[in-house]
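For reference, the structure discussed in these notes is given below.
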Amino acid sequence: MNTTDRRLEKLAARARSAGASPPDAPPFGFATRVLARVKAAPAGGEGDAALWARFSLASLPLAALAAAGCLYWISAELEADASDLAQQFVGAPLMP
């Protein structure tokens, strides 16, 4: 029997001997706090929508800056590719 089979047998034996672990209980008062916040939240989820709108509007300038930086970074490569492509078109024989 090779070493992989022995290791798998040991692993299976350890898994069989291990008992089921009890689920961890949440901290004291956690469920009560969660339920209180759910009851206090406005109906229809308007609070969540406003929060997402605020985050998305705040991140818009950063996303625009990142996009502009990426375009600047690859602009030289795009110009080189365009001139290479133009040279390929000029040198290619045209067939009807």
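Only the coordinates and a few stated rules stand behind these numbers; no lab work does. In this text the structure is predicted, and so the values were computed from the model without any measurement. No Cβ is skipped: glycine too gets one built from the backbone with ideal geometry, and neighbour counts run over all protein chains shown.
Between residue 39 and residue 87, the simple spin-label model (points 7 angstrom out along Cα→Cβ) gives 7.5 nm.
What list do you get for 34, 90 if you sort them by fewest beta carbons within 10 Å?
Details: 34 11, 90 7.
The most exposed by this proxy come first: 90, 34.
Set Lys and Arg Cβ to +1 and Asp and Glu Cβ to -1, take the dipole of the chain about its Cα centre, and tell me which of 32, 83, 67 lies farthest positive. The one lying farthest along the dipole's positive direction is 32. Considering only 59, 17, 75, the Gaussian network model of the chain with Cα springs below 10 Å gives its largest mean-square fluctuation to 17. Kindly express, to the nearest 10 degrees and within the range 0 to 90, the angle between helix 46-91's C-alpha long axis and the longest C-alpha principal axis of the chain. Between the helix axis and the principal axis of the chain, the angle is about 40 degrees. Note on the chain: with a GNM built from Cα contacts shorter than 10 Å, the maximum mean-square fluctuation among 50, 18, 58 falls on 18. Only helices enter the 222 nm calculation for the chain: every DSSP H run of n ≥ 4 contributes -39,500 (n - 2.57), and dividing by all residues gives -26500 deg cm²/dmol, rounded to 500.
Evaluate E = 1/(1 + (r/R0)^6) for residue 18 and residue 70, where r is the Cβ-Cβ distance and R0 equals 41 Å; express this FRET efficiency to the nearest 0.05.
Given R0 = 41 Å and the Cβ-Cβ separation, E is 0.25.
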